[in-house]
1. Residues to consider are 144, 156; find the one that is closer than 21 Å to residue 81 by Cα and either at pLDDT below 90 or not in a helix (DSSP H, G or I) (or both).
2. Looking only at the range 151-164, which residues are in contact with a Gly (Cβ under 9 Å, 6 or more places away or on another chain) and open to solvent by 70 Å² or more (accessible area, probe 1.4 Å)?
3. May I ask you to list the residues in the range 142-191 that are farther than 13 Å from residue 99 by Cβ and polar (S, T, N, Q)?
4. All but one of (1) touching a residue at least 12 places away in the same chain (Cβ under 8 Å); (2) touching a helix residue (DSSP H, G or I) at 6+ places or on another chain (Cβ under 9 Å); (3) within 28 Å of residue 140 (Cβ to Cβ) hold for residue 36; state the number of the condition that does not hold.
5. List every residue pair whose Cβ atoms lie under 6 Å apart, where the two residues are 6 or more positions apart in sequence or sit on different chains, the first residue falls within the range 47-63 and is within 17 Å of residue 23 (Cβ to Cβ), and the second residue, located anywhere, is in a loop (DSSP other than H, G, I, E, B).
6. Test residue 100 against the criterion of being basic (Lys, Arg) and over 23 Å from residue 28 (Cα atoms), and give yes or no.
7. Could you identify the single residue in 141, 148, 167, 130 that is under 18 Å from the mean Cα position of the chain (by Cα), hydrophobic (A, V, I, L, M, F, W, C) and crowded, with 19+ Cβ neighbours inside 10 Å?
8. Tell me which residues, restricted to the range 33-75, are under 18 Å from the mean Cα position of the chain (by Cα) and farther than 19 Å from residue 125 by Cβ.
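The values are calculated or read from the model by the stated rules, or taken from the named source; none is laboratory data. All values reported here derive from a predicted model rather than from experimental measurement. A quick note on method: Cβ atoms are made from the backbone with ideal geometry, for glycine too, and the neighbour counts reach across all protein chains shown. When the accessible area is computed, the model is the full protein with side chains, heavy atoms only, and any ligands, DNA or RNA have been set aside. Shrake-Rupley method; radii C 1.70, N 1.55, O 1.52, S 1.80 Å.
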Amino acid sequence: MTAARSPLPSADRPQPGLRERKKIRTREAIRTATYALVREHGYDATTIDQIAERAEVSPSTVFRYFPTKEDIVLTDEFDPVVLEEIRQRPAEEPWPDTLRYVMRRAVRLGACEDPEVARLRARLTVQVPAVRSRMRESMSATGRMLCAAVAERTGRDPDGLEVRVYAMSLIGGLMETSMYWAENGCRDDLTALIDRTLDVLEHGLPSRKP
């Protein structure tokens, strides 16, 4: 998904300073340039030099923000927003309900930002082995974030086996959902697919249909 706005009202959210705002603008310029070039020329034919020129920055600046071209496609500001959403839910709310609410909202936020970028990123994950490989590598960082969120809500140890297995099962399930969505032309309703994914994680594999 693409970078998402914080769900908190602006009055309740710390405002970034000038330096951070400049960093955000630079990151977004690099991402926007990359997506446009990939649409025009394809992923493999798009170079860092082309991205830098289109974004009006130096190649070294691109590498300072994104170590690899794959990171430009995959990195966003979304994980902190998801964690913030989880923390905003009522403490007495059952964890599965919290997770379902947050995942549905995540899909809506991503679609509101730029649905075509969401589709492009999903397609690249399926079509480009380097992007898919990098995405699998990045799962560990997202998994640690989710472990912390699960532990915070459930009172468990974030390094405990059960929490780690649950978090990584969720991350893996969501990645497979994104790939399934892309493999089927991004025609399905992504929110409905997320609901099906969470049903499997919560209740196990459904019985075989007669």
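1. Among 144, 156, only 144 is closer than 21 Å to residue 81 by Cα and either at pLDDT below 90 or not in a helix (DSSP H, G or I) (or both).
2. Within the range 151-164, 164 is the sole residue that qualifies.
3. 142, 177, 178, 184, 191
4. (3)
5. The qualifying pairs are 52/58.
6. Yes; evaluated as a whole, the condition is true for this residue.
7. One residue alone meets the criteria, 167.
8. Once the filter is applied, which keeps residues that are under 18 Å from the mean Cα position of the chain (by Cα) and farther than 19 Å from residue 125 by Cβ, the range 33-75 yields only 65.
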